[in-house]
Amino acid sequence: MRRYRLGMVFLVVWIAAGCRGMEVRTQSKVFLHSSPVEDRGPLAEMPVAFASSPSPQKIALIDVDGLLLNSPIVGLGNVGENPVAVFREKLDRVEADACFRAVVLRINSPGGGVTATDIMWRDLRTMKARRGIPVVACLMDLATGGAYYLATAADQIIAHPTTITGGMGVILNLYNLRDAMMQFNILATPIKAGQYTDLGTPIRELDDEGRALLQHLADQYHARFREVVRICRPKHDPARQEDFDGRVFLAQEALERGLIDGIGYLDDAIAVARRLSRTPQAKVVVLHRCHDPARSVYATTPIQPIQTNLFPLSVPGFDRSQLPTFLYIWQPEPTLERRATGR
């Protein structure tokens, strides 16, 4: 159960009468706070698809949705979870149960933090090696950047005909807010030891030397992405330099470039998992929280914080509670991190 604390509420009404009629103005403020921590209970198994006869053999359907950051998705009316932590919890559940014979990884994500996606990629490969079971990635609407990075750990990648994938680039969003701060008569006066301890600060323009240092980091992250694709996707031609410039592809082009193994739907991905695991009678089980509905293979748990609808205005760079993060992501919208985390 979520608990909320209602703060002070006040209402001011001003009425003025005149020849043009009556004008009413109101002002109100409501403060609503939710607990930052919520115990949503253990994982539960919900069978959502059966073969022709019952069987103890199971295929785990694991979701990877939204922005992949190693932090909780929190907000007004939604405490949310850490995508990296809950992913590991589901993998541990699969590894501990010998009845699980395969995993279908359903991915619908633009990507996320470099470290977060790399942790998930490593955990998936580790579980697969320990259990020796096949993993099939099913790409939904979007599987770009770190989401595709994660998919490369699977034995087979199946994309919907309309899937957008690729986006194999690196970005660090920085902003120069000096002029904006001047509009509010805000003058930054940092005291520091170490020339680059505030490298990328929004209070001044990034100089050429600082840009070169950050570019060097981005290039190293990019090289790691390229190496992961080289190791995990032998069908891909590493000479295709343009594949790594951040562009995105529809499924057919991704197939032609060796980035995926087939085009189909979620049912097709499940069929591939049954074939690779040699368990045609295996039932499909969604791993979900006890109070989250999961009655079909398309069931998902909403993670979007509600205040993104209450407060739609988002100014890039102003929310300094956000850590600077290098991202494997397809990101035409630079405020994506704030909208996804609700902070």
For this session: From the list 155, 207, 198, pick out the single residue that is open to solvent by 40 Å² or more (accessible area, probe 1.4 Å), more than 30 Å from residue 98 (Cβ to Cβ) and of a type in the set (D, E, K, R).
Result: 207
For this session: Specify which of the listed residues (301, 325) is among the polar types (S, T, N, Q), over 19 Å from residue 94 (Cα atoms), in contact with a His (Cβ under 8 Å, 6 or more places away or on another chain) and at pLDDT below 90.
Result: 301
For this session: Check residue 175 against each of (1) surrounded by 10 or more Cβ atoms within 10 Å (Cβ to Cβ); (2) more than 30 Å from the chain's Cα centre (by Cα) and name the one condition it does not meet.
Result: (2)
Exercise. So which residues in the range 152-168 are of a type in the set (Gly, Ala, Ser) and touching a residue at least 60 places away in the same chain (Cβ under 8 Å), if there are any at all?
Worked result: 153, 159, 166, 167
For this session: Say whether the condition of being assigned to a helix (DSSP H, G or I), open to solvent by less than 50 Å² (accessible area, probe 1.4 Å), under 20 Å from residue 286 (Cβ atoms) and at pLDDT 95 or above is met by at least one residue in the range 98-120.
Result: yes
Seminar exercise, completed: How many residues of the range 129-150 are open to solvent by less than 40 Å² (accessible area, probe 1.4 Å) and within 27 Å of residue 99 (Cβ to Cβ)? The answer is 9
For this session: For residue 287, indicate whether it is open to solvent by 40 Å² or more (accessible area, probe 1.4 Å), at pLDDT 65 or above and either among the acidic types (Asp, Glu) or not in a loop (DSSP other than H, G, I, E, B) (or both).
Result: no
Seminar exercise, completed: All-but-one check, residue 187 against (1) farther than 19 Å from residue 326 by Cα; (2) aliphatic (A, V, I, L, M); (3) open to solvent by less than 70 Å² (accessible area, probe 1.4 Å), failing number (3)
Seminar exercise, completed: The strands (runs of 3 or more DSSP E) lying entirely within the range 151-258 that contain at least 3 residues which are under 30 Å from residue 131 (Cβ atoms) are 156-159
Exercise. How many residues does the range 210-225 contain that are open to solvent by 90 Å² or more (accessible area, probe 1.4 Å) and either among the polar types (S, T, N, Q) or without any contact (Cβ under 8 Å) to a residue 24 or more places away in the chain (or both)?
Worked result: 4
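The values are calculated or read from the model by the stated rules, or taken from the named source; none is laboratory data. As the structure is a computational prediction, the values presented were derived from the model and not from experiment. We place every Cβ from the backbone using ideal geometry, glycine too, and count neighbours over all the protein chains shown. The area values use the complete protein model at the heavy-atom level, side chains included, leaving out ligands, DNA and RNA. Shrake-Rupley method; radii C 1.70, N 1.55, O 1.52, S 1.80 Å.
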